[in-house]
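The values are calculated or read from the model by the stated rules, or taken from the named source; none is laboratory data. What you are looking at is a predicted structure, and each value in this text was computed from that prediction instead of being measured. As a convention, Cβ positions derive from the backbone with ideal geometry for all residues, glycine included, and neighbour counts pool all protein chains shown. The accessibility values were calculated without ligands, DNA or RNA, using every heavy atom of the protein model including side chains. Shrake-Rupley method; radii C 1.70, N 1.55, O 1.52, S 1.80 Å.
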Amino acid sequence: DQQVKQNSPSLSVQEGRISILNCDYTNSMFDYFLWYKKYPAEGPTFLISISSIKDKNEDGRFTVFLNKSAKHLSLHIVPSQPGDSAVYFCAASEWAGGTSYGKLTFGQGTILTVHP
Amino acid sequence: DVKVTQSSRYLVKRTGEKVFLECVQDMDHENMFWYRQDPGLGLRLIYFSYDVKMKEKGDIPEGYSVSREKKERFSLILESASTNQTSMYLCASTARTGAYEQYFGPGTRLTVT
């Protein structure tokens with residue numbers, strides 16, 4: 001039962017263009033969403049997050065959009081750069097206090113390749 | 001800067017061996033997690049710990065156990081390694097309350113032959 005899904009295994013984009021990575025979830029109890037970036041032979045690093053009370057969060061070239069009614073979020077990278085080439089994971093969490101202890105549920109990942 | 005370290009970057013073990021993977025964090029975090037990453041499956045939670053000597057099963061605990069004797073250290077144990085446990089193993093930590101962002105170690109690539 002995959003509660004967080006990234007249906008595109010890979011995405012190829014030209015340098016300078018927009019990259020859009022998508023993520024869908026099924027658990028309506030999720031209230032916080034994160035994107036992680038992972039280079040080969042390294043651990044994932046946090047990129048950007050969004051709370052369920054917002055529909056958009058921006059940090060430089062990275063913007064995350066949340067559509068709660070559709071249970072869908074997306075990560076926009078503008079403009080894309082070759083150094084952005086990596087695997088991107090979306091993740092979701094229920095409230096980090098209580099008994100959830102901040103557990104994250106991850107999607108399968110999308111390999112982004114940005115061509116010069 | 002949060003630092004999460006893992007004892008080995010690459011490990012090769014034989015089927016049936018007992019395998020220990022160590023993780024240490026230096027930020028006094030209460031919660032620690034072990035994941036495995038496999039192509040097409042993303043990161044799947046094996047076990048997590050919210051305090052010393054406390055542990056909870058994740059989504060795929062079968063064939064694994066864990067130990068947390070000190071706050072900064074969380075060990076993953078493969079009691080009898082099998083070839084289907086060949087994977088990338090990632091450790092992460094986070095503070096107890098209100099914290100969502102997890103900090104990851106560099107990973108251990110384990111090959112079981």
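Across peptide A:32-45, the average count of Cβ atoms from other chains found within 10 Å of a residue's Cβ is 4.
Taking a ≥ b ≥ c as the square roots of the eigenvalues of the alpha carbon gyration tensor, segment B:1-112 is prolate, as a/c is not under 1.5 and a/b beats b/c.
With one equal scatterer per alpha carbon and no solvent term, the Debye-computed log10 I(q)/I(0) for chain A at 0.10 1/Å reads -0.28.
What are the semi-axes of the equivalent ellipsoid of the protein assembly as shown, taken as the square roots of 5 times the eigenvalues of the Cα gyration tensor, listed largest first and rounded to whole Å? Write down the numbers at each step before the final one.
On the way: eigenvalues 170, 86, 48 Å².
They are 29, 21, 16 Å, listed from largest to smallest.
The B and A chains share an interface that buries close to 2000 Å² of accessible area, total over both sides, probe 1.4 Å.
Can you tell me the accessible area per residue over the protein assembly as shown, all protein chains present, probe 1.4 angstrom, in square angstrom?
On the way: 10880 Å² over 229 residues.
Accessible area per residue, the protein assembly as shown: 47 Å².
Here the 3J(HN,Hα) profile of segment B:53-62, calculated from phi with Karplus coefficients 6.51, -1.76 and 1.60 at θ = phi - 60°, is 6, 9, 8, 9, 6, x, 7, 9, x, 4 Hz, Gly and Pro shown as x.
Highest GNM mean-square fluctuation among A:39, A:25, A:88, for chain A modelled with Cα contacts below 10 Å: A:39.
Compared with the alpha-carbon gap, the fully stretched path from residue B:3 to residue B:27 is longer by 7.9 nm at 0.36 nm per residue. Between segment B:22-99 and segment A:1-42, what is the C-alpha centre distance in whole Å? That distance is 22 Å. Among the residues of B:40-52, the average count of other protein chain beta-carbon atoms within 10 Å of the residue beta-carbon is 4. For segment A:36-114, the fraction of 1.4 Å probe accessible surface lying on carbon and sulfur atoms is 52 percent.
Carbon-plus-sulfur fraction of the accessible area of chain B, 1.4 Å probe, in percent?
Details: 2600 of 5380 Å².
Carbon and sulfur atoms account for 48 percent of the accessible area of chain B.
Applying 1/(1 + (r/R0)^6) with r as the Cβ-Cβ distance of residue A:69 and residue A:12 and R0 = 25 angstrom yields a FRET efficiency of 0.25. Among B:65-72, B:14-21, sorting by the average number of other beta carbon atoms lying within 10 angstrom of each residue, highest first, gives B:65-72, B:14-21.
Quick check for me: using +1 on Lys/Arg Cβ and -1 on Asp/Glu Cβ, what's the dipole size of segment B:22-93 about its Cα centre, in debye to the nearest 20? Show your work: numbers first, answer last.
Details: 9 positive and 12 negative charges, 18 e Å.
It works out to roughly 80 debye.
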